[in-house]
Amino acid sequence: MNLGNCPRCGKLFANNFRDICPSCIKEIEQEYEKCLKFLREEKMATIQEVSEATGVSIKQITKFIKEGRITVADNPNMMYPCEVCGVLIRQNNMCDSCRTRLTRDFAGAAREGLGNEQDGTADRKGSGAYGAVDKFRN
Ligand SMILES: [Zn+2]
Ligand SMILES: [Zn+2]
């Protein structure tokens, strides 16, 4: 049996198939029910309105959406924040502009690192180490 700390409430619990403790699972189920019920009645609600009305955090509601438990298709105003810049989106983990920027950064990462030496703080005293290693030969 594996024991671990629940990342949600910090309590020690026996690891199960979810990575949070049973009482948090129960709480999250209740939060889910509350969100669903509210969304059934308020189809035009935004994520902020759902959060305020149900007391469920936007982070948790975002999780429900990403897990596919809350479908944004039925609720046209339901959007969740981009993981990078917080702009509201309806699909993926980040908005289009963050995604294109990240893809570009990734592609350019190999070239970067060369253009960043203007502040003169670079420490180049690396030659001593090589001589020290030489002493241990023979
Ligand atoms: Zn817990
Ligand atoms: Zn973004």
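The values are calculated or read from the model by the stated rules, or taken from the named source; none is laboratory data. Treat the numbers as computed from the prediction; the structure is a model and nothing was measured. Cβ coordinates were reconstructed from backbone atoms using ideal geometry, including for glycine residues, and neighbour counts include every protein chain displayed. These accessible areas exclude ligands, DNA and RNA; they are computed on the full protein's heavy atoms, side chains included. Shrake-Rupley method; radii C 1.70, N 1.55, O 1.52, S 1.80 Å.
Which condition breaks for F13 when tested against (1) within 15 Å of ligand 1 (Cβ to nearest atom); (2) out of contact with any strand residue (DSSP E or B) (no Cβ under 8 Å at 6 or more places or on another chain)?
(2)
Could we say that G128 is of a type outside the set (A, V, I, L, M, F, W, C), in a helix (DSSP H, G or I) and modelled with pLDDT under 90 here?
yes
Of the residues that sit in the range 19-34 and are more than 9 Å from ligand 1 (Cβ to nearest atom) and open to solvent by less than 80 Å² (accessible area, probe 1.4 Å), which one is farthest from S51 (Cα to Cα)?
Within the range 19-34, the match that is farthest from S51 (Cα to Cα) is E29.
Is there a residue being open to solvent by less than 90 Å² (accessible area, probe 1.4 Å) and touching a Pro at 6+ places or on another chain (Cβ under 8 Å) anywhere in the range 51-61?
Looking through the range 51-61, at least one residue is open to solvent by less than 90 Å² (accessible area, probe 1.4 Å) and touching a Pro at 6+ places or on another chain (Cβ under 8 Å).
State which residue pairs qualify: first residue of a type in the set (D, E, K, R) and inside the range 77-91, second residue open to solvent by 70 Å² or more (accessible area, probe 1.4 Å) in any location, beta carbons under 7 Å apart, and separation of 6 or more residues or different chains.
Cβ pairs passing all conditions: E83/N93.
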